[in-house]
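Below: one structure, written as structure tokens.
What follows draws every value from the coordinates through simple rules; no lab data is involved. As the structure is a prediction and not an experimental result, all values here were calculated from the model. Note that each Cβ is placed from the backbone with ideal geometry, even for glycine, and that neighbours are counted across all protein chains shown.
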């Protein structure tokens, strides 16, 4: 008998019919001999409705009270799903984050899980109950209601799987797995049967929206066997996130192409090339709470160098405001920015043991006349910044060049 | 400095504007030097929306899960009202029933309060916080969420006032107090400045919808000073529920006229007049969970008697089904019923020390040609059952006959 944690998102439980469908799937999985713990989000649209209501009252809602308000969304879903399970003849029992008890720190709106008490759930499972837990929420040591921030239900699912030592954590979404790239851009994109934890982490951080990055980190920390599945298709094995490179993985050099249209780049031109300059530029940016993604500083030919980094498009204005002050202090020649860029990345643990991946990638782009503006690499990823007009072309070219329509994909 | 518990119903917090209005009133009361604990209901319509949702999933919703679902309604209101108070510059903190901790028994959907922990609230009050508590809900010893049943927020307010030894419990409603009778029936009806606890209890049980009867009982048990006020009018002292008959009360023989259109009467004709017959008739009715209000059995002239009682109209069909079996067992001659009746009651502690109130009442009705079908009395109440067509006429005639447009009313 396997113990499985299943997580269903807001779209999967968006109305009574869908709740009934999810209940059928869960009851079937239990009938197949599994013990099931279910984690659910608020019904789709509900969290936004509550946030809207809060903003009508308080333009900048109090964080503690916002969590009291938002946590009602998942609480309603656990009750409705438990009812649907009982209507099918199953035994079911719901738990809020506070009832479980999912202990978090007191950082309202973005709390982190400290500990989970699995005793009540284990007792219920032994008695044949399906345990239905509210995602996204917890309780601090003082008994205050907390939430984990957007996408936090994925994290709840993974954390429960870790606490209960579950055999698998299944994340049900509106896609049927992790793809080699976005099928809307490349129709031949294929679902991956397996992907390594490190690759998944890169894909998540590079803009693939399948899994929330914190939940992937959490899974990695506790080695939770994680699987992404579709909540709308009855069959399908989805994509399994693994922790060891098996032979098949060894053969796949590249697992996927990720991309991101949300960034803008800022370049400080003619910066004196001396120690401490990077800090003088990025320190004030960090102080202004602006997240920086790529950072590039090239070797300089003379005493001056150019310094480039990328930020989220929505932060560009703020970043420039901060830098205008810095510019005078450090005697930089000029400040230029561009928000019409995109980032395209190839990801794969296989590139560790293969040389020439980067040059192969750059040649494929060059053959199509695509100019590369910036390059950044990690052990299992190569990212390039391009003019945004090349996004679709670049992704298609690379997908084909690396033969992603075949290899490990299904 | 007075400690005041204020309770606001669903209509008073029905939308963001109304929540802001309520917040202003609370903040003003605090600015006047009071410590304030607020109890709120779900926004009007929300509880019905949730019940409808539950019924779409499970025609007969599981009681435990229904409470998990319904309790979200008040939880949303406490967060929004706390935000509104903070927006006015006040300090505020919300508590769910479980956070307070309002300990109840485990009778889901109709739980009874066992104990309230006032420590956290007292600490907050001393620090200048306005404490905002979710009405209608509690938690059992196992940590399961419970609700107190419809109107339970009144009970929460009174119970908190008792636990905190508050100076006054103010129930804000959409009327500005308790009236001598329903102003929609008698335009000259007057608001009562004071009413005794016993009278309020009779009024509540006789169909006056101002206060939920359980909350009045609770207030009486713990001698909570209770006041009914309008949440829509800025000034006004409402109606105070007292526990001693002061002089003014002594002079008012009758405080009000209550009425009820929701009952039906059932008569078992030609019942053998022997011991145990009342139990043989009412036992099966009680077993079927049907509430009985008035019960009349007259002295019989021969070996046979007639037995009449009233039930809620919605229960009439069930009651008749039960009695058809009983009829054969006890050899009753006939079973008749009438759902076109009404009950009109005069209530007043003053009638204890005055003779002739009943005959005065019956004469007033007779003068208008109104036939009385049944009579039932208590120490401070006389109820008559009439053809429903006489309801308005009877109430107006009695209101005038007892001079209610004058005496203690405002």
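Each copy carries residue A:269; placing its label point 7 Å along the C-beta direction from Cα gives inter-copy distances of 10.8 nm, listed from smallest up.
Report, to the nearest 10°, how far helix B:46-57 tilts away from the longest principal axis of the Cα atoms in chain B, using its own Cα long axis and a range of 0 to 90°. Helix B:46-57 sits roughly 70 degrees off the main axis of chain B.
Taking Cα atoms, how many degrees apart are the long axis of helix A:213-222 and the longest axis of chain A, rounded to 10 and kept between 0 and 90? Between helix and principal axis, roughly 70 degrees. Projecting the alpha carbon convex hull of region B:13-90 along each direction and taking the average yields 5.5 nm². Rg ratio for region B:3-174: its Cα radius of gyration over 2.2 N^0.38 Å, N being its residue count, equals 0.98. Which whole-percent values make up P(r) of the protein assembly as shown when all C-alpha to C-alpha distances are grouped in 10 Å steps starting at zero? Percent of pairs per bin, in order: 2, 11, 16, 17, 16, 13, 9, 6, 5, 3, 1, 0, 0. Taking every residue in B:57-63 and counting other chain Cβ atoms within 10 Å of its Cβ, the average works out to 6.
Here chain A carries DSSP beta bridges of which approximately 60% are antiparallel, counting only pairs with both residues inside.
Once the Cβ-Cβ distance of residue B:282 and residue B:225 is raised to the sixth power relative to R0 = 35 Å, the FRET efficiency obtained is 0.40. Between region B:361-410 and region B:77-96, the C-alpha centres lie 47 angstrom from each other.
With angles folded into 0 to 90 degrees, how steeply does helix A:277-287 sit against the dominant principal axis of chain A? Use alpha carbons for both and round to 10. Computed tilt is about 30 degrees. Peptides A:227-234, A:45-52 ordered by packing proxy, namely the average of other Cβ atoms within 10 Å per residue, highest first: A:227-234, A:45-52.
Placing a label point 7 Å from the Cα of residue B:188 along the Cα-to-Cβ direction, the residues of region B:388-406 whose backbone N falls under 19 Å from that point are B:391-406. With a cut-off of 15 Å, note down the residues of region A:365-402 whose backbone N falls inside the zone around a label point 7 Å from the Cα of residue A:209 toward its beta carbon. The answer is none. Note: relative contact order over region A:146-207, using C-alpha pairs below 8 Å and six or more positions apart, is 17 percent. Of the residues A:74, B:87, B:237, A:126, the one with the fewest other Cβ atoms within 10 Å heads the list, and the complete ranking is A:126, B:237, B:87, A:74. Note down the relative contact order for chain B as a percent, whole number, built from C-alpha pairs under 8 angstrom at least six residues apart. So the answer I get is 14 percent. Averaged over peptide B:133-144, the number of partner chain Cβ atoms lying within 10 Å of each residue's Cβ comes to 1.
Inter-part distance, region B:160-225 to region A:100-166, computed on C-alpha centroids, equals 43 Å. Give me the percent of Cα-Cα pairs in region A:76-217 that sit more than 25 Å apart, rounded to a whole number. Value for region A:76-217: 36 percent of Cα pairs lie more than 25 Å apart. Summary of packing: across the peptides B:92-100, A:61-69, the per-residue average of other C-beta atoms within 10 Å ranks them, highest first, as B:92-100, A:61-69. For residue B:376, inter-copy separations between label points set 7 Å beyond Cα along the Cβ vector come to 7.9 nm, shortest first. The mean count of C-beta atoms from other chains within 10 Å of the C-beta of residues in B:87-94, rounded to a whole number, is 3. The stretch between residue A:387 and residue A:167, if pulled fully straight at 0.36 nm per residue, gains 74.7 nm over its current Cα-Cα span. Placing pseudo-labels 7 Å out from each Cα toward the beta carbon at residue B:371 and residue A:217 gives an inter-label distance of 8.3 nm. Take the Cα of residue A:314, step 7 Å along the line toward its Cβ, and report every residue of region A:259-285 whose backbone nitrogen sits under 15 Å from that point. Within reach of a label on residue A:314, which here means backbone N under 15 Å from a point 7 Å along Cα→Cβ, region A:259-285 contributes A:261-264.
Expressed to the nearest 5 percent, the antiparallel share of DSSP beta bridges inside region B:3-174 is 25 percent. Taking every C-alpha pair closer than 8 Å and separated by at least 6 residues, the mean separation divided by the residue count of region A:3-174 gives a relative contact order of 30 percent. Across all C-alpha atoms in chain B, the radius of gyration and Dmax reach 23.4, 77 Å.
Each copy carries a label point for residue B:2 at 7 Å from Cα toward Cβ; from one copy, the others' points are 6.6 nm away, ordered from shortest. Axis-proximal residue of chain A for the rotation onto chain B, reported as residue and distance in whole Å: A:72, 2, based on Cβ position. Each part gets one Cα centre, and for region A:328-349 versus region B:259-302 those centres are 88 Å apart. Here r is the Cβ-Cβ distance between residue A:406 and residue B:55 and R0 is 56 Å; the resulting FRET efficiency, rounded to 0.05, is 0.60. Just for the protein assembly as shown, what percent of DSSP beta bridges are antiparallel, to the closest 5? That works out to approximately 60 percent antiparallel. Estimated from helical segments only, the mean residue ellipticity of chain B at 222 nm is -11000 deg cm²/dmol, where each DSSP H run of four or more residues counts as -39500 (n - 2.57).
Taking other C-beta atoms within 10 angstrom as a stand-in for reagent exposure, A:179, B:222 fall in the order B:222, A:179, fewest first.
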